[in-house]
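A short write-up of the structure that comes next.
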Amino acid sequence: MAEVRDVLNEAAHAAGSIILEYFQGSFRIEKKDSVNNLVTEVDKLSEKVIIDIIKKYFPDHSIISEEVGELMQDSDYQWIIDPIDGTVNFAHGIPICCVSIGVRYKNEMLYGVVYNPMMDEFFFAEKDNGAYLNDEPISVSEKSDFETACLVTGFPYKWPVSKEHPIRVFERFIMQGLPVRRLGSAAIDLCWVACGRFDGFWEYNLNSWDVAAGYLIVQEAGGKITNFQGEQYSVFDKETLATNGLIHDEMLRLITVHE
Ligand code: IPD
Ligand code: CA
Ligand code: CA
Ligand code: CA
C-alpha cells in the first residue's frame, strides 16, 4: 500500500518537472472569465500528471483541482490541487510560481507541498510534524515590531463595488510606511511567511487550492492564520491573514478599521 506522503512527493515533483520544462518556452495561453485571468496549456499538463499519479495509487480519493473542479467526493481523503499557482507570472516568464498540493483527511489538513522548481524550493509540512524547506526545518520570523514588518498581499481580478476595495486596505498599510510586496502567488506568499522572509500576508477571495498547502505550512512553522475576524481559519474561507503570530492583531486592526 503506497503512503500518501510518497505519492504527494511524486506528484509534486512530476508537476514541477513539467513547469520547469516549459518555463520561458512556448505554450498556448487562454483567457478565463476576464482578460487577465489566464490558464495555460502547462496548467492543464501539470494538473493531468498530478491527478494521474493520485488515481494510480488511490483511485477512490476525492480531488478538488482548479481547472477540472471536483472529482470523486466521498472519500475521507481529499487532495486540493493548484497545478500552477502564479499562472500570470508563469505566462510572463517570471520565476515566482509553483505547484501546490494539500491533502486533507476527515476535513483536517494532513500534508502540504508547495514546490517552485525554478528556484528549486520544495516546502513541505505534515500535521504535528513541522514544516520544511528542502528538508530543513523552517519557522516564522520573530519580528514583533510592527513598524518594521515586511508584508505581502495580492489582489483579486474582480471585486463587488459594494465592498471596500482591497486597494484601500493596501493604502492603509502603505500610508504607515510599511514595505508591502505583491508577488502574484498566494501559495508562495504563505510559504515565505512560514520561512520568515515575510512577517505577514493577507488577501481576499482566495480559493481552497491557493491556500490548502500553504495554510498547513504556516501553521507547522509556528505561524498564525485566521480570517479577518481573527477566527479559526478554514481553507474554504474567503479572507486569509497569515502572520508570525506577533503582528497578527496589528494587521487585523488595519484590515478591519473601516468595517
Ligand atoms: C492566483 C495567485 C495570486 C492571487 C490570485 C490567485 P492562480 O492563483 O495565487 O497570487 O492573487 O487571487 O487566483 O490563478 O495563478 O492559480
Ligand atoms: Ca487561476
Ligand atoms: Ca492559485
Ligand atoms: Ca492555478
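Bear in mind these aren't lab numbers, they're just calculated from the coordinates by the rules spelled out. None of these values were measured; they are calculated from a predicted model. We place every Cβ from the backbone using ideal geometry, glycine too, and count neighbours over all the protein chains shown.
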Q | Residue order, fewest to most surrounding Cβ atoms within 10 angstrom, among Met1, Met175, Met251, Met72 | A | Met1, Met175, Met72, Met251
Q. Assigning unit charges at the beta carbon (Lys, Arg +1; Asp, Glu -1) and nothing else, what dipole magnitude in debye, to the nearest 20, does region 8-83 show about its Cα centre?
A. 280
Q) Summing Lys, Arg as +1 and Asp, Glu as -1, what charge do residues with Cβ under 14 Å from the Cβ of Ala91 carry, Ala91 excluded? A) 0
**Q.** R0 of 30 Å, Cβ-Cβ distance Asn207-Asp76: FRET efficiency to nearest 0.05
**A.** 0.85
Q: Report the percentage of all Cα-Cα pairs in region 63-188 whose separation exceeds 24 Å, rounded to a whole percent.
A: 46
Q. Looking only at Cα atoms, what is the convex hull volume of region 1-73 per residue, in Å³?
A. 89
Q: Give the Rg/Rh ratio for region 53-97, taking Rg as the radius of gyration of the Cα atoms and Rh as the Kirkwood radius, to two decimals.
A: 1.13
**Q.** Shape parameters for region 139-259, alpha-carbon atoms, Rg then Dmax in Å
**A.** 12.9, 38
Q: Quick one: order Phe198, Phe236, Phe146 by neighbouring beta-carbon count within 10 Å, fewest to most.
A: Phe236, Phe146, Phe198
(Q) Exposed loop sites here are trypsin sites (Lys or Arg not before Pro) in DSSP loop states with at most 13 other C-beta atoms within 10 Å. What is the longest stretch of the chain lacking them? (A) 33-105
Q. Going by how many other Cβ atoms sit within 10 Å of their own, how do His61, His13 line up, fewest first?
A. His13, His61
Q: Quick one: grab the alpha carbon gyration tensor of region 130-176, order the square roots of its eigenvalues as a ≥ b ≥ c, and give me rounded if a/c is under 1.5, else prolate or oblate depending on whether a/b is larger than b/c.
A: oblate
Q) Local charge sum around Tyr132 (other residues, Cβ-Cβ under 10 Å, Lys/Arg +1, Asp/Glu -1)? A) -4
Q. Okay, which of region 69-94 sit inside 12 Å, backbone N to the point 7 Å along the Cα-Cβ direction of Lys55?
A. 71-72
(Q) Testing the spin-label approximation: label points 7 Å from Cα along Cα→Cβ at Asp33 and Glu171. State their distance in nm. (A) 2.5
**Q.** For region 4-136, the spread of Cα positions along each principal axis, largest first, Å
**A.** 38, 34, 24
Q: Counting residues in the chain as N, plug N into 2.2 N^0.38 Å and put the Cα Rg over that result.
A: 0.96
